[in-house]
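Structure record follows, encoded as structure tokens.
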Amino acid sequence: MSSDSEEVSVRLRQQIDASGPISVAEYMRVANTAYYGRADPLGADGDFITAPEISQMFGEMVGIWLSDIWLRHRPATCHYVELGPGRGTLAADALRTMRRFGWEPSVHFVENSPALRAKQLQAVPDALFHDNLDSLPTDAPLCIVANEFFDALPVRQMVATQAGWRERVIVRNNEAGFAAIPGATAVDDLIPEQFRSAAMGSIYEICPDASSIMHQLSARLAKQGGVMLVIDYGYTQPALGDTLQAVQGHQYADPFNNPGQVDLTAHVDFFELSNCARNGGLLAVGPSDQGAWLSGLGIDQRAQILAATNPDRAGDINAERNRLVGPDAMGTLFKVLAAYAQDWPQPEGFGL
């Protein structure tokens, strides 16, 4: 265990010893805050790789998608906003593509990690940084991109027991590890009616942070105009299941060991995000499978052009395309949702 991980574990153990068990959400929040603050977790030498790092085609398709909306609406000014922009790779590829259509928006990154901010500045030198949503500009429409952002937000987990539904909490398992057990507080009111009588041990997850962020951004877009693109792995209807997972060195790990040293994520509830957008006065399309969305925007044609101009990389380019759109890769696991202001044009790529 690294010293960073040991420090997080000690802090969590002290908190549990002093105040009792903590929620899964609190555990995830503390662990991920430490994890993303310590280093760049992306790439072959890191713990995981995201779609923009697989191929430039991903960011280019996002840039084409945004440019199409901009060209059809032509706002006098519009800000590009990205939530959790990784290394800035997606933004760099998207912005390069947008410039080809004559559009150069100001760039705003919502990012708290010093390590990642440094990488993002290398990719997009003129980016402006924000610690949270409150300081985002209010003077013009926003074009918001959130790729693999919502999955890292802390989830609350409810578990079905003989005594009813209880929130899952974290206790000390041994000197170094932790374990999740049913807590004492009844949470039946938080469970949708169709799941109330689920089998013992069933897990139901909610993500209050995701709902809050979606509500805030929906209010902004309804007032200022604009569009939001959410790309992540998740589910499209309310569902039961424990989706909390940890990744370290591109391998699955125990989420309750080495907090702060592993990437903790959970599947995104696109049904909830879509409802938040609509309740906030927006229109929404999707979620669509990532593979279908990218194919609809022309990734196959882009791959052919890249392969023709880089024949020595043709095999790699085709493999990258397959990884992004293939049903046995990211193509169906990852979903795409768009929400947009009522007077903005309907976004392309959703097969409508």
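The values are calculated or read from the model by the stated rules, or taken from the named source; none is laboratory data. Since the model is a prediction, treat every value here as computed from it, not as a measurement. Note that each Cβ is placed from the backbone with ideal geometry, even for glycine, and that neighbours are counted across all protein chains shown.
Annotations for the structure displayed:
- Among the residues here, ASP316 qualifies as part of a helix (DSSP H, G or I), acidic (Asp, Glu) and modelled with pLDDT under 95.
- Out of ALA76, ALA140, one residue alone is at pLDDT below 95 and of a type in the set (A, V, I, L, M). It is ALA76.
- In the stretch 292-310, the residue that is farthest from VAL336 (Cα to Cα) out of those that are free of Cβ contacts under 8 Å to residues at least 40 places away in the same chain and crowded, with 16+ Cβ neighbours inside 10 Å is ALA307.
- On the stretch given as the stretch 266-286, residues that are touching a strand residue (DSSP E or B) at 6+ places or on another chain (Cβ under 7 Å) and modelled with pLDDT of 95 or more total 13.
- In the stretch 320-341, the residues that are surrounded by 15 or more Cβ atoms within 10 Å (Cβ to Cβ) and farther than 25 Å from SER274 by Cβ: GLU320, ARG321, ASN322, ARG323
- Any hit, the stretch 140-151, residues being farther than 23 Å from ASP269 by Cα and either among the basic types (Lys, Arg) or assigned to a loop (DSSP other than H, G, I, E, B) (or both): yes
- Residue count for the stretch 244-271 satisfying the condition of being surrounded by fewer than 19 Cβ atoms within 10 Å (Cβ to Cβ) and either within 25 Å of LYS223 (Cα to Cα) or in contact with an Asp or Glu (Cβ under 9 Å, 6 or more places away or on another chain) (or both): 8.
- Residue in the stretch 321-334 that is aliphatic (A, V, I, L, M), more than 20 Å from GLN290 (Cβ to Cβ), touching a residue at least 24 places away in the same chain (Cβ under 8 Å) and in a loop (DSSP other than H, G, I, E, B) present: no
- Number of positions in the stretch 166-209 that are under 19 Å from ALA246 (Cβ atoms), among the charged types (D, E, K, R) and under 27 Å from the mean Cα position of the chain (by Cα): 3
- Scanning the stretch 67-125 for residues that are among the hydroxyl-bearing types (Ser, Thr, Tyr) and not in a strand (DSSP E or B) gives SER67, THR77, THR89, THR97, SER113.
- Single residue of the stretch 168-227 satisfying the filter (within 30 Å of ALA140 (Cβ to Cβ) and polar (S, T, N, Q)) that is surrounded by the fewest Cβ atoms within 10 Å (Cβ to Cβ): SER212
- Residue check, PRO125 modelled with pLDDT of 95 or more, farther than 30 Å from PHE178 by Cα and surrounded by fewer than 19 Cβ atoms within 10 Å (Cβ to Cβ): yes
- Those residues of the stretch 70-120 which are within 24 Å of TYR340 (Cβ to Cβ) and β-branched (Val, Ile, Thr), in sequence order: THR77, VAL81, THR97, VAL107, VAL110
- Check on LEU221, on the phi < 0 side of the Ramachandran plot and modelled with pLDDT of 95 or more: yes
- ALA25 being part of a helix (DSSP H, G or I), out of contact with any helix residue (DSSP H, G or I) (no Cβ under 8 Å at 6 or more places or on another chain) and at pLDDT 85 or above: no
- Residue match in the stretch 248-270 (condition: touching a Leu at 6+ places or on another chain (Cβ under 9 Å) and farther than 23 Å from THR33 by Cβ): yes
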